[in-house]
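No lab work stands behind these numbers, since they all come straight from the coordinates. Since the model is a prediction, treat every value here as computed from it, not as a measurement. Backbone-built Cβ (ideal geometry, glycine too); neighbour counts: all protein chains shown.
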Amino acid sequence: MVYKGELSVWRKAAKAAAREVGRLGPGDFFGEIGFLMKSARSATVRTESACRLFHFPARDFTGLLKKHKALDAWVKQVACKRLQKMFQP
């Protein structure tokens with residue numbers, strides 16, 4: 001989770017150069033797609049300024065989502081929107 005700073009999100013297609021697909025700032029989060037799908041990351045996140053980030057170990061985050069159903073639904077909604085955006089031409 002981003003507490004402070006700005007980050008850019010980059011995605012590389014099969015034979016194309018990486019392109020910026022988004023920006024993140026305070027209150028945003030990343031890594032949810034890999035976490036939810038139990039897979040490798042789907043994008044590269046780069047810092048664009050000095051940042052302060054919070055890291056949640058998977059076990060703790062799983063417990064948090066089980067305890068707070070609204071948070072669980074929101075994280076999944078954000079992941080779905082990001083996946084849709086990644087596969088748009």
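Where the alpha-carbon atoms of the chain are placed on the principal axes, they occupy 41, 29, 19 Å, in descending order.
Hand me the trypsin sites (Lys or Arg not before Pro) from region 28-89 located in a DSSP loop with no more than 16 other Cβ atoms within 10 Å, in residue order please. Write out the running numbers ahead of the final one.
Details: sites: 38, 41, 46, 52, 59, 66, 67, 69, 76, 81, 82, 85; in loops: 38, 41.
Within region 28-89, the qualifying trypsin sites (Lys or Arg not before Pro) (loop, at most 16 other Cβ atoms within 10 Å) are 38, 41.
Dividing the summed -39500 (n - 2.57) terms of all DSSP H runs of n ≥ 4 by the residue count of the chain sets its mean residue ellipticity at 222 nm at -11500 deg cm²/dmol. Within region 36-68, list the residues whose amide N lies under 19 Å from a label point set 7 Å along Cα→Cβ of residue 83. Under cut-off, by backbone N: 36-44, 62, 65-66. Taking 0.36 nm per residue of separation and subtracting the Cα-Cα distance, full extension of the segment from residue 46 to residue 76 would add 8.5 nm.
Expressed as a fraction of 2.2 N^0.38 Å, the value expected for a compact globular protein of N residues, the C-alpha radius of gyration of region 39-89 is 1.39. Taking Cα centre as origin and charging only the Cβ of basic (Lys, Arg, +1) and acidic (Asp, Glu, -1) residues, the dipole magnitude of the chain rounds to 260 debye. For the pair residue 28 and residue 62 in one chain, pulling the backbone fully straight at 0.36 nm per residue adds 10.4 nm over the alpha carbon distance.
Relative to the dominant Cα principal axis of the chain, helix 58-67 is inclined by about 60°.
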